[in-house]
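The structure under discussion appears below in the form of structure tokens.
The values are calculated or read from the model by the stated rules, or taken from the named source; none is laboratory data. Just so we're clear, the structure is a prediction, and the values are computed from it rather than from any experiment. As a convention, Cβ positions derive from the backbone with ideal geometry for all residues, glycine included, and neighbour counts pool all protein chains shown. Please note that ligands, DNA and RNA were not included when accessible areas were found on the heavy atoms of the full protein model with its side chains. Shrake-Rupley method; radii C 1.70, N 1.55, O 1.52, S 1.80 Å.
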Amino acid sequence: MNRRLGILLSGRGSNFLAIADSIAAGRLDAEIAVVISNRSEAPGIAPALERGLNAVVLPSKGLDREIYDRKLVAELRNNDVGLVCLAGYMRILSGYFIREFPMRILNIHPSLLPAFSGLDAQHQAFEHGVKFSGCTVHFVDEGLDSGPILCQAVVPVLDDDTAESLSARILKEEHRIYTEAIALVLSGRFKIEGRRVIPAR
Ligand code: GRF
């Protein structure tokens with residue numbers, strides 16, 4: 001697999017920046033080939049441009065899912081992307097997209113999956129009263145937050161937490177484990193048994 005990453009985002013872009021920082025610091029041997037936002041107002045676009053990265057806005061509003069995904073795939077192919085990293089990308093991918101990049105799409109989710117999939121996972125966990133939550137990097141399949149799990153980190157829920165303070169503590173771990181998961185996938189040093197992703201020793 002080539003080491004050219006395609007980052008898809010819709011918002012703040014802190015996970016994208018953490019990946020870019022890891023590459024700049026030599027912690028991750030990869031290259032960001034393109035950053036694509038489906039929203040023109042996404043705050044993540046400006047820092048991508050400031051860093052001299054190839055940042056593209058492809059507005060999705062009002063477009064049929066697969067028609068939009070065909071544009072996205074074309075943009076990723078034009079940039080010779082080997083691995084797609086969803087980083088706060090707020091659109092469900094079509095089956096077409098997923099079949100174009102089989103086991104080559106990663107997502108980060110702010111809970112310990114399979115608990116609290118879907119939107120506002122940190123709030124869901126907080127309201128549920130769990131004592132531990134965390135984050136998960138997983139392969140993307142056609143289900144919702146449901147593909148094989150690559151990395152997880154556990155974060156305690158403190159008695160004086162708010163949903164916001166918990167989210168901030170989870171986000172720190174997100175930034176750490178996304179790099180680890182990307183490095184593992186790019187290394188190819190793992191096997192998949194059923195749903196289990198097992199790193200080589
Ligand atoms: C993160 O919490 C991530 O887990 C979820 O969306 C949020 C994106 O944040 N999928 P950012 O745009 O990377 O700052």
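Return one number: the angle in degrees, 0 to 90 and rounded to the nearest 10, between the long axis of the Cα atoms of helix 14-24 and the longest principal axis of the Cα atoms of the chain.
Once rounded, the angle reads 70 degrees.
If amide hydrogens are placed 1.01 Å from N in the peptide plane, which non-local residues have theirs closer than 5 Å to the one on I36?
Distant-sequence amide H within range of I36: I7, L8, L9, V56.
Within the chain, what whole-number % of the accessible surface is contributed by carbon and sulfur, with the 1.4 Å probe and all protein chains included in the calculation?
Numbers: 5130 of 9870 Å².
Summing carbon and sulfur atoms, their accessible area is 52 percent of the total for the chain.
Be a star and scan the range 93-128 for residues whose amide nitrogen sits under 12 Å from the point 7 Å along the Cα-to-Cβ vector of K172.
none
Which translational diffusion coefficient, to the nearest whole µm²/s, is obtained for the range 1-92 from the Stokes-Einstein equation, given a Kirkwood hydrodynamic radius over C-alpha pairs, 25 °C and 0.890 mPa s?
Numbers: Rh = 13.1 Å.
Translational diffusion coefficient: 187 µm²/s.
For the chain, with only Lys/Arg (+1) and Asp/Glu (-1) charged at the beta-carbon, what is the dipole magnitude about the Cα centre, in debye rounded to 20? Intermediate values should be presented prior to the final figure.
On the way: 23 positive and 24 negative charges, 137 e Å.
For this selection, approximately 660 debye.
Return the long-range amide H neighbours of G147 (sequence gap of 5 or more, or a different chain), with a cut-off of under 5 Å between placed amide H atoms.
Close amide H contacts, sequence-distant or interchain: D141.
For the chain, with equal point scatterers placed on the C-alpha atoms only and solvent neglected, what are the log10 I(q)/I(0) values from the Debye formula at q = 0.10, 0.19 1/Å, to two decimals?
Once normalised to I(0) and log-transformed, intensities are -0.40, -1.46.
How much area per residue is accessible in the chain when the probe is 1.4 Å and only protein heavy atoms are counted (Å²)? Don't skip to the answer; put the middle values down first.
On the way: 9870 Å² over 201 residues.
The answer is 49 Å² per residue.
Would you calculate a helix-derived [θ] at 222 nm for the chain, using -39,500 (n - 2.57) for each DSSP H run of n ≥ 4 and dividing by the full residue count, to the nearest 500? Please report the intermediate quantities before stating the final value.
Working: 6 runs with 70 residues, N = 201.
It lands at -10500 deg cm²/dmol.
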